[in-house]
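The structure appears right after this line, and notes come after that.
All of the numbers you see were taken from the coordinates with simple rules; none came from a lab. All of these numbers come straight from a predicted model, not from anything done at the bench. When we count neighbours, we look across all protein chains shown, and the Cβ atoms used for this are built from the backbone with ideal geometry, even at glycine.
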Amino acid sequence: MSTPILQVRDLKVEYTTSAGAAQAVAGVSFDLAPGEFLAIVGESGCGKSTMLFSIAQLLTYPAETVGGSVLFDGEDLTTLSPEDLRQRRWRDISVVMQSAMNALNPTLSIGAQLADACRAHTDWDDKKIAARSAEVLSMVSIDVTHLKSFPFQLSGGMRQRAMIAMALLLEPKLIIMDEPTSALDVVAQRSLMRQVENLRRELGFAVLFVTHDMSVVSHFSDRLAVMYAGEFVELGATREVFDRPRHPYSVGLMDAFPSIVGEARELTGIAGNPPSLIDPPAGCLFAPRCQHATDECREFRPELVTTDGHAVSCHLVNPRRRS
Ligand code: SF4
């Protein structure tokens with residue numbers, strides 16, 4: 001892998017609750033190469049969006065990053081001042097939220113919102129702002145006449161595309177996307193994903209993409225991380241994880257979503273619920289739901305072990321050495 005643009009090390013996030021601290025992200029580490037597309041999948045509540053917000057330094061109380069580092073271009077984002085972070089966002093790192101309807105200002109036209117973002121982060125004059133705004137809107141296949149449109153006048157797919165146009169304004173090296181397609185129908189989802197993929201190839205930015213729906217990223221991401229109860233349990237090349245999932249939770253996820261190619265098969269869910277994040281069990285966090293669980297699994301937490309570029313945390317895959 002070329003020098004990573006992003007290096008996340010032992011990232012930990014806690015939520016303060018009346019019952020105690022809930023560890024939503026429990027020591028996640030990974031690298032992201034320039035131009036790479038890494039997708040993170042897992043059930044709702046597994047910590048994937050919280051992790052993205054921690055990386056972007058956008059967490060607010062009751063969530064707090066309590067450990068680890070986030071090196072972007074060699075600089076630790078967790079140690080930057082709010083002003084330095086503000087400068088880095090948009091210019092180096094952009095974030096596309098789950099719901100454009102919530103992220104866009106309903107009282108301002110798309111053009112006015114693009115112009116506001118430019119004025120906040122550049123010293124461009126009005127002519128340059130107008131030209132760049134039209135350019136990014138064209139990049140996401142929205143007619144420039146919609147610079148005058150308000151968010152409610154656009155379809156859901158167009159609003160998400162407008163958010164992506166905004167994210168592209170200052171040519172960032174990394175775009176963080178939090179379930180950007182979840183409010184769209186399947187056709188609009190597919191079209192948006194193709195657009196992101198074409199833009200990534202053309203412009204070379206890296207993508208960190210969170211989704212609960214594996215089918216959304218199956219054809220677009222380079223690598224896939226499977227997250228469970230705040231931990232990565234598997235991380236590898238997307239095709240490898242899809243074709244030969246190794247962690248029992250990944251296998252369960254694959255069996256729970258329909259494939260658009262191949263023979264029709266019965267879908268099965270994963271029985272049981274994720275563990276308490278306030279008082280997690282000592283051993284493997286998936287043990288209460290795993291049909292392969294042994295006493296050893298219930299006693300010892302498996303580590304994420306990488307073999308030939310494919311990482312898995314499971315005693316079944318990486319047997320423990322006994323002394
Ligand atoms: Fe299942 Fe044991 Fe692997 Fe955990 S470590 S996923 S309980 S086999």
* Structure fact -> Checking rank on 167-173, 197-203, with mean other Cβ inside 10 Å and highest first, the result is 167-173, 197-203
* To do: Just add up the charged neighbours of ASP76: K/R +1, D/E -1, any other residue whose Cβ is under 13 Å from the Cβ of ASP76.
  => -2
* Asked: If we sort 142-150, 206-214, 308-316 on the protection proxy, mean other Cβ atoms within 10 Å, highest first, what's the order?
  -> 206-214, 308-316, 142-150
* **Cα centroid separation, the range 1-76 to the range 145-196 (Å)** => 23
* Compactness relative to 2.2 N^0.38 Å, alpha carbon Rg of the range 173-223 -> 1.06
* Residue-by-residue Karplus 3J(HN,Hα) for the range 134-139, coefficients 6.51, -1.76, 1.60, Hz, glycine and proline x -> 5, 5, 5, 5, 5, 4
* **Under-5 Å amide H pairs with ILE40, H placed in peptide plane, nonlocal only** => PHE209, VAL210, THR211, ALA225
* Structure fact -> From fewest to most C-beta neighbours within 10 Å, the residues CYS284, CYS46 line up as CYS46, CYS284
* **Among GLY42, GLY272, GLY68, residue whose mean-square fluctuation peaks in a GNM of the chain (springs only between Cα atoms under 10 Å)** => GLY272
* Semi-axis lengths, Å, the range 191-323, gyration tensor of Cα atoms, sqrt of 5 times eigenvalues -> 29, 18, 14
* To do: For a footprinting-style exposure proxy, rank ASP10, ASP222 by other Cβ within 10 Å, fewest first.
  => ASP10, ASP222
* Around GLY67, with a cut-off of 13 angstrom between Cβ atoms, what is the net charge of the other residues, counting Lys and Arg +1 and Asp and Glu -1? -> -2
* Structure fact -> Convex hull around the C-alpha positions of the chain: the volume in Å³ per residue is 154
* Structure fact -> When TRP124, TRP90 are ranked with the fewest other C-beta atoms within 10 Å first, the list becomes TRP124, TRP90
* Under a plain spin-label model, where a point goes 7 Å from the Cα along Cα-to-Cβ, how far apart in nm are SER138 and ASP126? -> 2.2
* Asked: Where does the range 98-222 land on Rg/Rh, using Cα atoms and the Kirkwood Rh?
  -> 0.95
* Asked: Short version: ³J(HN,Hα) in whole Hz for each residue of the range 45-51, in order, from phi by Karplus 6.51 cos²θ - 1.76 cosθ + 1.60 (θ = phi - 60°), x for Gly and Pro, what are they?
  -> x, 7, x, 5, 5, 4, 5
* **Net +/- balance of residues flanking SER141 in space, Cβ distance below 11 Å, scoring K and R +1, D and E -1** => +1
